1. Take Leu137 and Phe89, extend 7 Å from each Cα along the Cα→Cβ direction, and tell me the distance between the two endpoints in nm.
2. With unit charges on the beta carbon (Lys/Arg positive, Asp/Glu negative), name the residue among Asn39, Phe108, Ala52 whose Cα is farthest towards the positive pole of the charge dipole of the chain.
3. Compute, for Val111, the solvent-accessible surface of its heavy atoms (probe 1.4 Å) with the complete set of protein chains present, and express it in square angstrom to the nearest 10.
4. Antiparallel as a % of all DSSP beta bridges within the chain, to the nearest 5?
5. Given a 10 angstrom Cα cut-off, can you work out which residue in Leu31, Leu186, Leu84 is the most mobile in a GNM of the chain?
6. Round to a whole angstrom and tell me the spacing of the C-alpha centers of segment 121-156 and segment 88-115.
7. Which one, Ala50, Ala58, Ala95, has the greatest fluctuation when you compute a Gaussian network model over the chain with C-alpha springs under 10 angstrom?
8. Roughly what would the spin-label model give for Val203 and Glu184, points 7 Å off Cα along C-beta, in nm?
Amino acid sequence: MTQDNVRANSGWERVDEGVLEQFRKHSVANLGDALDRLNIADGGIAPIWAGAKAVGTALPVLTVAGDNKAVIDALEHIRPGDILVINAFGHDGRAIIGDNLAQRFAVFGAVGAIVDGYVRDGAIIEKLGVPVFARGLTPAGPFKNGPGTIGEPVAIGGVVVNPGDIVAADDDGVIVIPPHRAEEALAGVEAIVAREASLDAEVEALRSQIA
């Protein structure tokens, strides 16, 4: 399927919402430990407002640097529980999304957006409460010429993201979990949470002894 010069693929499956809910209970740091500390995007991609958190099914988008036509076209492909994962080539000269697109993402059911590039309207997006992760902010708006792709693999922050992958993001950053590793990741992270609770209890015991 094509839309002018934007190629779109819809032949992929989304994970069950119940699986996403299980991942929403855990931090990106703990999930990273459960997956051997792999599949974590580089630290340059961070929340544009403190406390932003999102877990969803990846809807990948590839754009030309400084251009967001493919992102606009992707609105037609969003399903509830999706998280847009946008490879904008890390370009810092123009924002790929702003508050208007962020609102539209939410209206169509997306839980947030990860942008390997820059965005704008950070203060408004924070007020809206839309979780957006990016390399930074710039007031310069994008061009809208294309080309681009929707629903095909992209790379963000040094990690390949396939359509349908589980993406978790919080204050620490972004991790990508392939669906075939979901059960392994959940089992691993539960063990890590239990171990950390034990370590915290040790600290509390030490604190009591010192006091």
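The values are calculated or read from the model by the stated rules, or taken from the named source; none is laboratory data. Given the structure is predicted, the values throughout are model-derived calculations rather than measurements. Positions of Cβ are generated from backbone atoms using ideal geometry, with glycine treated the same way; all protein chains shown enter the neighbour counts. Please note that ligands, DNA and RNA were not included when accessible areas were found on the heavy atoms of the full protein model with its side chains. Shrake-Rupley method; radii C 1.70, N 1.55, O 1.52, S 1.80 Å.
1. My value for the distance between the label points is 2.6 nm.
2. The one lying farthest along the dipole's positive direction is Phe108.
3. That residue has around 40 Å² of solvent-accessible surface.
4. On the way: 20 of 40 bridges.
Around 50 percent antiparallel, to the nearest 5.
5. Its mean-square fluctuation being the largest, the pick is Leu186.
6. Using only Cα atoms to place each centre, the spacing works out to 3 Å.
7. In this elastic network of the chain, the residue with the biggest mean-square fluctuation among Ala50, Ala58, Ala95 is Ala50.
8. Calculated label separation equals 3.0 nm.
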